[in-house]
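Trainee: Okay, here's the structure, questions in a sec.
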Amino acid sequence: MEKAAGSPSVGGSYPQKNAEILSSQYGINLFLAGLLLTFAWAVHAVGISKSHLLSYLITLMLIQLLWMLWYLCRSCTQRRLIRDKDTHAGARWLKCGITLFAVITLILDSFKIGYYIDFSNCLSPTEGIFPVTHAVHTILQVYFLWCHAKDIIQSFKTLERFGVIHSVFTNLLLWTNGVLTESKHQLNEHKERLITLGFGNITIVLDDHAPQCNCTTTTLCSIFSQGIYYLYPFNIEYHILASTMLYVLWKNIGRQVEHHQQHKTPFKFHGITVGMGFGLIVLTSTIAIVVVYLIQIGRSKIKSELALTMFYLHAIFVLALMCTAGIVALLIYRLEDRSLDNSKNPARKLDAELLVGTAAGSWLLSWGSILAIICAQAHPKYTWYNLPYSVLVIIEKYIQNLFIIESIHREQEKVNDDIKTLRIVTISRGSTLSLTPSYKEIYNGRATCDSGEVPCLFRDSICGRENGGGGGGAKEETSLENSSVMHSAPDFSFYSRNLVTNNKRRILKNIAAFLFLCNLSV
């Protein structure tokens, strides 16, 4: 009987697993085809032009638009149904962040449209269609993620898996295209800086695929062509955030969730003045350093070397502060006796994997810099500042990842039984202590008392009065005196523990605020 009862669930899991594998393979092949097209265009492969790459990306975006419209229409017809939600997915700060990046991405698309209009004589029509399609795609996708990022899809699961994974890899390809375009521009600028610093033996020729015709309006063309590259970082962040949110949605398809109460902790700025203050000082100084660096770099060899030295010294100071803050936070966690939440959750698992994955890029650059310094024949003065900078980048990422991963896996603090007992005793004795319990806690305390399972702390003082009310005034007075004496110990213990916990929490909040602003600076 047990085998027969369990067989349907086991058999039913195979189609879901197969759909997950098939959809993931479809997405990977979609991505690889686009990746090869991108690299072929970048190296000027014969027969591959930018119009081919843009046509492929436009097709992928149109397919995703059709799927999102179908999903939104189906959701509107079923809006009265109660759906499961993943409370860890699609956090509000994440939605606000992706909205900000999307707005700047729309500005980038408008610049591209203006650039196409000015160079329309020698650009293919796909370069004008692409930014228009991308703008529509951005607006609808942000709306979709605001409304449905937390959904746990339980119907049309096979079809939805293919639709969501198509959206994931479409955003990854758009991200790759943005990274490649910006990287080529940055490499050109880096080449110019190296020539200024005296490295005249550079023979690498980089091509930005500039149009081979004159612009109709010279001033506007200059604004559009230069402004586009300053906006690409926001476009890159937008697509990587969208792909991660869609990936969590894909992992949640068909997932069974436990229906338990979720405790939401509102974020408050109270108590983080110190961390915000120091963080703002670091951020302000960083902006000033970057402005001076951009003004001085490339003007002459001496000014460029001074700008690089200033940049490295400031970065070393900031990274040292971040390392110290991270170590203090980890020490506070070591002093706390709280278990970790190891339950399966796609959003939290992806957070940890992305932290380590993105840190690997910084580690690779740092080890490359260390190797270059060791193996270089000439060692200008400013290069030696790069050595501690690279070492601190490796250490800081390591410490900060430990702090963040442990933070997202720590269980929420539960109310201790002694605190619940103290609250009930306080109410029963009419104390003036400013403890405001919930009705549920009072009810649970009363129910425990009635069932006989009462802590010895107030068994005589409360239950004695309710169950044995005719026992005489002397007995009641004795029990109240005993309760008053025994109340002082847990009262002091509660306040001391509460004070220590609040101090630790305040320090951790300040460290988190400081590290947040420092990461913006870096």
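The values are calculated or read from the model by the stated rules, or taken from the named source; none is laboratory data. All values derive from a computational prediction rather than experimental measurement. Cβ sites come from the backbone with ideal geometry, for glycine too, and all protein chains shown count toward neighbours. SASA here: full protein model, heavy atoms, side chains in, ligands and nucleic acids out. Shrake-Rupley method; radii C 1.70, N 1.55, O 1.52, S 1.80 Å.
Trainee: Among the trypsin sites (Lys or Arg not before Pro) within the stretch 276-316, which fall in a DSSP loop and have no more than 12 other Cβ atoms within 10 Å of their own Cβ?
Mentor: 299
Trainee: Report ³J(HN,Hα) in whole Hz for each residue of the stretch 316-322, in order, from the Karplus equation J = 6.51 cos²θ - 1.76 cosθ + 1.60 where θ = phi - 60°; Gly and Pro get x.
Mentor: Taking θ as phi minus 60°, the curve returns 4, 4, 5, 5, 5, 5, 5 Hz for the stretch 316-322.
Trainee: Note the full-extension length gain between residue 401 and residue 506 as 0.36 nm times their separation in residues minus their Cα-Cα distance, in nm to one decimal.
Mentor: 35.8 nm
Trainee: Once the piece of chain linking residue 408 and residue 375 is laid out straight, how much longer is it, given 0.36 nm per residue of separation minus the C-alpha distance between them?
Mentor: Between residue 408 and residue 375, full extension yields an extra 7.8 nm.
Trainee: Rounded to two decimals, what ratio of Rg to Rh does the stretch 279-338 give with C-alpha atoms and a Kirkwood Rh?
Mentor: Rg/Rh for the stretch 279-338 comes to 1.25.
Trainee: Once you put a point 7 Å from the Cα of residue 180 and another 7 Å from the Cα of residue 223, both along the Cβ direction, what distance in nm separates them?
Mentor: Label at residue 180, label at residue 223, 3.1 nm between them.
Trainee: Run the 1.4 Å probe and let me know the accessible area of residue 73, rounded to the nearest 10 Å².
Mentor: 90
Trainee: Show me, for the stretch 100-114, the HN-Hα J-couplings you get by feeding each phi into the Karplus relation (A = 6.51, B = -1.76, C = 1.60, θ = phi - 60°), rounded to Hz, glycine and proline as x.
Mentor: Here the 3J(HN,Hα) series is 4, 5, 5, 4, 5, 5, 5, 5, 4, 4, 5, 5, 5, 5, x Hz.
Trainee: Turning to a different aspect of this structure: Just to verify a number: FRET efficiency for residue 191 and residue 40, C-beta to C-beta distance, R0 = 30 Å, to 0.05?
Mentor: 0.85
Trainee: Could I ask something else about it? Using θ = phi - 60° and the Karplus curve 6.51 cos²θ - 1.76 cosθ + 1.60, what whole-Hz ³J(HN,Hα) does each residue of the stretch 353-360 get, with Gly and Pro shown as x?
Mentor: So the Karplus estimates, Gly and Pro as x, are 5, 5, 4, 5, x, 6, 5, 4 Hz.
Trainee: At 1.4 Å probe size, with every protein chain present, just tell me what the per residue accessible area of the stretch 23-177 comes to in Å².
Mentor: Result: 48 Å² of accessible area for each residue.
Trainee: What is the gain in length, in nm to one decimal, between residue 26 and residue 330 on full extension, counting 0.36 nm per residue of separation less the C-alpha to C-alpha distance?
Mentor: Net length gain for the segment: 105.3 nm.
Trainee: Give the ranking of 348, 334 by solvent-accessible surface, highest area first, calculated with a 1.4 Å probe.
Mentor: 334, 348
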